[in-house]
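The values are calculated or read from the model by the stated rules, or taken from the named source; none is laboratory data. Since we're looking at a predicted model, the values are computed, not measured. Cβ placement follows ideal geometry from the backbone for every residue including glycine, while neighbour counts extend to all protein chains displayed. All accessible areas refer to the heavy atoms of the entire protein, side chains included, with ligands and DNA or RNA removed. Shrake-Rupley method; radii C 1.70, N 1.55, O 1.52, S 1.80 Å.
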Amino acid sequence: MATAGEREVEEFLLPVPRREHVGLHCVWGMGKQLHLFETQVPPACSSGKQIPQATQRDQAIFDVQWNAEMHDIARKLVNETHNIFVMLQGQVKSMTESMLFTQLKKASKQYRAVLKACSMELMQISDDCRNEIHKLKYEEHIQEFEMVQLIWSLCEIIFIDVAPGGLILTPLLDWLQWHFPEGKQLAMEVTQAEVPSSHPSYWEAVYRLLLQANTESVRKLLSLHPYSHSDPFVSVDELLQKMPHWTHQHAQFAAEYEMKWRHWREECVRRYEAGEFAAYEHLETIVQILCGDEAVFREMKNRCETWYHMLVSKLLFQNPTARLNDLGSDIKTCQSMFGQPTGQVRELDNILQAAMEFDIHQVIKDSCSFLSNRSWWFVSHLADVLHHCGQLDPQKLPFGSNLREYLLLEYATGLMSHESLWQVGVDYLDFCPVFGRSYLASYIEHIPLDTERKAHKVLHMCQERDMGAQAQSICKVMGMKCLQQQRLGSALSWFLKSKDATVIKQITEKFLNEYCEQGKFSHLDLIDHLGPSMLVANSLTFLAKYREFHTLYDSGDVHTATSLLLSLISSRLAPKSFWMTMLLDALPLLNLEKVALGVQQTYEMMHCLDELQRDGESNQKNFTDTALDKLKMLRMALTKNLSRAIIEEGSIKVNS
């Protein structure tokens, strides 16, 4: 059983038989993922007794993931708030301090707006759901969203959008009305009744609205009462109308407001003590609330529901000019009225209390324990805004980064576990200056490259961030996949990006072997447009130039084609297994009416032919009858061409 404040640990049971000296080992997967497998437990037994090992035959690899599930609305939250986060990081660098604080308030409200929209969408889905199990799940998610909104909006009031002069009541009343709408809902039901004053929730709605300072709605409900024109009702209406309300003005008007409020309260007390409302119990209760009577608030406990609702309502009628740092004793008093909460309520109460006591680190710590079981979204985004507001201590944690970065790293780790959200996680890692790049480099190694499209995305991401080693690794992995699938064109394309000359040489030889077998090249669109990439490896240079030879010959440029072929033969770039093919390519050139090869060029080809024949004999390679016939035919053609070339070159010399 986890103690208070500790996170409960979920147990994973694996179907692994217990064997002596055989234990479990693990390696990290993507994000919140472990791959577990059996392994020998070190050290080896010193007695010399043979230790059983997990054999490959009975070995199992277990894929363990946690917090990996994410419903559609949570994905919507992640995607929409991601844009707000990235935009805010850019504005932090470019804005002045005053403009930045305005933007931080705006960003906080945008986060809350997305939260509210997601919560409302979940409510709609829950209402439409007929499966009870699924409905319960949706209700759990709704409750979590509501708690996050409650905490965030309070933190916004206290740490981000701080009220002028430190007067906290007005924003806290807005907070109450936003998160406790029961009074307004009851008021709507009452007003729609045929006889509103006879509705069982009539006075309940009045009290709830009054405790949230919604005096106009209270006056409207009271006006629907059949005795609304009697003196006691008119008197209450007058007091409600006169009640001073603090607006967001400058701090120097606080004293004036407090003086008006005290005069108004004295009038409420005077009328109450005069017995103006004694004939109407409910009106008397209303005026007791207006007077700030301590006893009546105890009666209102169930209508406030929580200690923090009670706190704000008491401030409204007892100390409306209170500052946040004056609330310590009031918080304790209100909490004692509601007793010791349990479960989730206790956790939530602790977080809200820490916020009201200006202990933002405790808020984040408790939120991490309470809310991060499903997602680190809340604490990471709140910490980011608070960090830019200067509310978080910039001191580094023991392991080297600050609190903001630690939480963003945890959140990004969760995103990297999802197939569709890993790109979002990358953007969060970009804004973690200490460890973000090293985390990203580690995660890239574990991203499953299921498709070429995904591989290109990851590659582009690496290139944008100047991560050369990771980019090269991706190209090699994809190149080997294509090579195993005999997709030579794609394999060559990937290895060209990695500039791996050794493998490129192997692929080039496969292209040449394919040509020898089929008499033509595949993937001509790639080979014809290699450009400067051909210089990565000598074998690739040869392939490109050999293809160029064929193009020239087919186009009728025999002279240039001949020169290129001879240079390829003399360069010895081609593997010896391809020499015969090149020499046979020269046969049509040897049989031309006009001598195409000179004496020196013919000698070069004859030398190549001799070397090829000697190499076959030294390796005890038995040429087939067809190969021997080709060798004889080549030698005869070369001899004939040599005689023609000698005669032609001799004639030229004589004539000159």
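Taking the convex hull of the alpha carbon positions in the stretch 406-460 and averaging its projected area over all directions gives 3.5 nm².
Estimated at 0.36 nm per residue, the fully extended path between Gln89 and Asp72 surpasses their Cα-Cα distance by 3.5 nm.
Met416 contributes an accessible area of around 0 Å² to the protein surface, as traced by a 1.4 Å probe with all chains present. Decide, for the stretch 252-329, between rounded, prolate and oblate: order the square roots of the alpha carbon gyration tensor eigenvalues as a ≥ b ≥ c, take rounded if a/c falls under 1.5, and otherwise choose prolate if a/b is larger than b/c, else oblate. Because a/c hits 1.5 or more and a/b fails to exceed b/c, the stretch 252-329 counts as oblate.
Stokes-Einstein diffusion for the stretch 71-142 at 20 °C, viscosity 1.002 mPa s, with a Kirkwood radius from C-alpha pairs, works out to 155 µm²/s.
Taking all protein chains together and a 1.4 Å probe, the residues Ile133, Ile125, Ile351 rank Ile133, Ile125, Ile351 from largest to smallest accessible area. Compactness check for the stretch 380-438: Cα Rg over 2.2 N^0.38 Å is 1.12. Both radii are taken from the alpha-carbon atoms of the stretch 332-477; with Rh as the Kirkwood radius, Rg/Rh is 1.11. Over the stretch 78-228, the Kirkwood radius and the radius of gyration, each from Cα atoms, give a ratio Rg/Rh of 1.08.
Taking only the C-alpha atoms of the stretch 549-604, Rg followed by Dmax gives 10.9, 31 Å.
How high is the FRET efficiency from Ala278 to Gln124, r the C-beta distance, R0 60 Å, rounded to 0.05?
Given R0 = 60 Å and the Cβ-Cβ separation, E is 0.80.
Hey, which aspartates and glutamates would be in cross-link range of Lys116, C-alpha to C-alpha under 18 Å, not counting anything within fewer than 8 residues on its own chain? Straight-line reach from Lys116, under 18 Å: Asp72, Glu80, Asp127, Glu139, Glu140, Glu144, Glu146, Glu156, Asp174, Glu182. Shape verdict for the stretch 491-602, please, from the Cα gyration tensor: rounded (a/c under 1.5), prolate (a/b greater than b/c) or oblate. Since a/c reaches 1.5 and a/b is larger than b/c, the shape of the stretch 491-602 is classed as prolate. For a distance above 15 Å, tell me the whole-number percent of Cα pairs in the stretch 160-200 that qualify. That tail contains 57 percent of the Cα-Cα pairs.
In units of the compact-protein estimate 2.2 N^0.38 Å, the stretch 141-294 shows a Cα radius of gyration of 1.17.
Classification of the stretch 180-238 by its C-alpha gyration tensor yields an oblate form. The axis ratio a/c (a ≥ b ≥ c) is 1.5 or more, and b/c is at least a/b. With R₀ set to 30 Å, the beta-carbon distance separating Glu189 from Arg112 gives a calculated FRET efficiency near 0.60.
Taking trypsin sites (Lys or Arg not before Pro) across the stretch 376-485, the ones in a DSSP loop with at most 16 further Cβ atoms lying within 10 angstrom of their Cβ are Lys396.
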